[in-house]
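Where a number appears in this text, it was derived from the coordinates with a stated rule and is not lab data. Keep in mind that this is a model prediction, so the values were computed, not measured. Because the Cβ atoms are built from the backbone with ideal geometry, glycine has one as well, and the counts that use them run over all protein chains shown.
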Amino acid sequence: MVREGAAAPSPGPRRLDRTGEAREECGMTSGGPEEISLDLRGVRCPHVVLRAKTALRDIPVGGILVLECTDPLAVIDVPHFVTQTGHSLAGQERRDALFIFRIEKRH
């Protein structure tokens, strides 16, 4: 139950699977910007960038899009896409064959 004047608890970060269907993640958010994860494992470029572009349309300015992909060319394509579109690459890491990019929407 939410008291009058109190903010409703925010749901956990949303996660989009390879089909683009949203599913809720368990866990609490820190009250920071909205964060959406996009599972693109097995998706090859340029589709990684095209899916990121589409997902960014639904994220508010200041929100974070997390891309999880396995295509090694994403290491070139995603940073280039971020630079060309005026967003910010807030983080990039590699976990074995998984590449993870954090894109902050700027406009």
- By count of other Cβ within 10 Å, fewest leading, how are D39, D58 ordered? D58, D39
- Query: So, in nm, how far is label R57 from label D96 when the simple model puts each one 7 Å beyond its Cα toward the Cβ?
  - Reply: 3.5
- Query: Using 7 Å Cα-to-Cβ label points, what is the I76/E34 separation (nm, one decimal)?
  - Reply: 3.4
